[in-house]
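This report refers to the structure that appears directly beneath it.
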Amino acid sequence: MSNTAEERILVVKLGALGDFVQAFAPFQAIREHHPSSHITLLTMPAFSALGNATGWFDAVWIDSRPEWWRFGTRHKLRKFFNQGGFKRVYDLQTSKRSSSFYRSFKRPRPEWSGIANGCSHPHSNPDRNFMHTIERQAEQLTMAGVRPVLAPDLSWFDADTTRFRLEDEYFLIVPGGAAHRPEKRWPVKRYIQLANDLVAWGRIPVLLGGEEERDVLDAIARECRQARNLGRRTNIFDIAGLARLAIGAIGNDTGPMHIISAVGCPSVVLYSHASNPDLCGQRGLSVKILRRAALEGLAVAEVEAALQCR
């Protein structure tokens, strides 16, 4: 991947975490289609390390989403677009914001795969908004002449997790999610019951989450003393490493469950009316989706049966 490669390609994928993980296959497909090109990823700050670690990009640039009045930052982004010498842009975000980048390029604009009005390689399927993210991106690339990758190589997505000292058989539990979306969370009392049942069956519950899940994680840890609370102690790569060695995982529709299922960990993911797994759900032979209009109606016994954890 030489920095002196003549052809320069830009890939736009901003987030969120689950969406970024589901773009791994398109990332690899673009690299395989442009094996000797210099490929730059434009993404959010939270995913710059992940983008660099993939090995599919020669450079990673950050979109800090500047406010309209931050003219200096916005000018810097336009300068990046127009001085980058990009021959083609793959807009995998296909949002109003990312489509607006097309108008930031001076004429003649680069080839563009996306939904920006007037672009050279539009994803013109009128039903694209009703497609699962994986199929939608694959079709977009096909329309741009890129052969999709069905199963990306994620051997790079790992970490040494020996510092957590998890020698025993363990299950990952991801009981949180965005604090402003409580309807996407299975009740904490159900997670407490599940954690104690796992202990009774000789399994170790390992709790994952960030700062905004502190209350939920601490509540489970108080009521299940044998649980290992790794809240706020893991990064994206740690989650992948832990998932590779776990017996299984259970969690709400949240970003870490996309990581866990992507590396092949047997996973059960819980969905409410607030999100549609037909459009964005985790995929894989070892993934099971359980959905209820309200997650309060999902019994622990049904989750345990799906986990096959006895």
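Of the strands (runs of 3 or more DSSP E) lying entirely inside segment 192-310, those containing at least 1 residues that are without any contact (Cβ under 8 Å) to a residue 60 or more places away in the chain and either touching an Asp or Glu at 6+ places or on another chain (Cβ under 8 Å) or crowded, with 21+ Cβ neighbours inside 10 Å (or both) are 204-207, 267-271, 287-291.
Residues that are in contact with a Lys or Arg (Cβ under 8 Å, 6 or more places away or on another chain) and of a type in the set (A, V, I, L, M) within segment 30-67 comprise 39, 41, 42, 44, listed in sequence order. Search segment 278-301 for residues being charged (D, E, K, R) and out of contact with any strand residue (DSSP E or B) (no Cβ under 7 Å at 6 or more places or on another chain), and hand back the single one that is nearest to residue 152 (Cα to Cα). Across segment 278-301, the extreme among qualifying residues is 283.
How many residues are over 13 Å from residue 133 (Cβ atoms) and outside any strand (DSSP E or B) when one looks only at segment 18-49?
Let us first name the residues in segment 18-49 that are over 13 Å from residue 133 (Cβ atoms), namely 27-49.
In the following step, the residues that additionally are outside any strand (DSSP E or B) were identified as 27-37, 44-49.
Residues flagged as over 13 Å from residue 133 (Cβ atoms) and outside any strand (DSSP E or B) within segment 18-49 amount to 17.
Note on segment 156-191: residues that are of a type in the set (Gly, Ala, Ser) and within 16 Å of the chain's Cα centre (by Cα) total 3. From the list 249, 294, the lone residue that is touching a Cys at 6+ places or on another chain (Cβ under 9 Å) and either in the same structural domain as residue 167 (by TED's automatic domain parsing) or closer than 22 Å to residue 193 by Cα (or both) is 249. Taken over segment 144-191, the residue count meeting the criterion of being farther than 30 Å from residue 9 by Cα, hydroxyl-bearing (Ser, Thr, Tyr) and surrounded by fewer than 19 Cβ atoms within 10 Å (Cβ to Cβ) is 1.
Taking segment 5-51 only, how many residues are aliphatic (A, V, I, L, M) and either touching a His at 6+ places or on another chain (Cβ under 9 Å) or without any contact (Cβ under 8 Å) to a residue 60 or more places away in the chain (or both)?
Taking segment 5-51 as the starting set, the residues that turn out to be aliphatic (A, V, I, L, M) are 5, 9-12, 14, 16-17, 21, 23, 25, 29-30, 39, 41-42, 44, 46, 49-50.
Filter once more, so that each one left must be either touching a His at 6+ places or on another chain (Cβ under 9 Å) or without any contact (Cβ under 8 Å) to a residue 60 or more places away in the chain (or both): 5, 9, 17, 21, 39, 41-42, 44, 46.
So the count comes out to 9.
Within the set 166, 207, 198, 172, the sole residue that is closer than 26 Å to residue 25 by Cα, outside the structural domain of residue 18 (by TED's automatic domain parsing) and at pLDDT 95 or above turns out to be 172.
The values are calculated or read from the model by the stated rules, or taken from the named source; none is laboratory data. Not measured: the values here are computed from a predicted model. Here the Cβ is made from the backbone with ideal geometry for all residues, glycine too, and neighbour counts use every protein chain on show.
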